[in-house]
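**Student:** Quick one: the structure is below, questions incoming.
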Amino acid sequence: MLEVLTGSGLAASAGLNAYIPLLLMGLLARYTDLVDLPNGWQWLGNGWIIVILSVLLAVEVVADKVPVVDHVNDVVQTVVRPTAGGLAFGAGSSSQTVTVSDPDSFFSSHQWVPVVVGVLIALGVHVLKSAARPVINATTAGFGAPVASTAEDATSAVMSVVAILLPVLVVAFLIGFVAFLFWFLRRRGERRRERQAARAAGFRV
């Protein structure tokens, strides 16, 4: 079960920032004993891959904090983040970490399953992030973009660390994510009804 929590946490993290969980996995595998990547995922610890991920992360961090540019970035990341989520789930759930000692026992027969699950988790988080950002920009005249982006990056980093070191806490994050999703959808529906009511009142006048 810890394999699932580790993979889920990393995939959710990728939904917020595609490169943080992959870069963290690569760094920990290359420079520490906290993560032991299986043969199929050894490339994450390659020096050139780490450099590339670092450059992409730097670009993402800057682009996501500029109003309008962040929207364009989210459109591009619609493919990148779910892909990264699938890779992160696949690598994380099949790696030996400080909390997972026998990862092969869970996904031994269907290696594609964790990748698909990771794609879906990351896509769900990405869609919510992409839908929330225009609302934040509109209500704060764009000033909320860097604050929201910084909070997302921090959440992604913390969630990645937690997924590897304390995967049980991932449950709390997933519960919070579902609660926020329901709140956001409800609030969006209320705003839509308010706009419709305002238009109807204007027509009557």
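**Student:** Sort F173, F143, F182 by heavy-atom solvent-accessible area, probe 1.4 angstrom, most to least.
**Tutor:** Descending accessible area places them as F143, F182, F173.
**Student:** While we're here: Where does the charge balance sit around F89 when Lys and Arg score +1, Asp and Glu -1, over other residues with C-beta under 14 Å from its C-beta?
**Tutor:** 0
**Student:** Here's another thing I want to ask about it. Distance in nm between label sites at T32 and V135, each 7 Å beyond Cα in the beta-carbon direction?
**Tutor:** It works out to 3.5 nm between the two label points.
**Student:** While we're on this one: How high is the FRET efficiency between L166 and V61 when r is their beta carbon distance and R₀ equals 22 Å, given to the nearest 0.05?
**Tutor:** 0.30
**Student:** If packing is taken as the average count of other Cβ atoms within 10 Å, what order do 85-96, 127-138, 39-50 fall into, highest mean first?
**Tutor:** Taking the mean over residues of other Cβ atoms within 10 Å, the ranking is 85-96, 127-138, 39-50.
The values are calculated or read from the model by the stated rules, or taken from the named source; none is laboratory data. These figures come from a predicted structure and were not determined experimentally. No Cβ is skipped: glycine too gets one built from the backbone with ideal geometry, and neighbour counts run over all protein chains shown. Note: accessible area is taken over every heavy atom of the protein model, side chains too, but ligands, DNA and RNA are not part of it. Shrake-Rupley method; radii C 1.70, N 1.55, O 1.52, S 1.80 Å.
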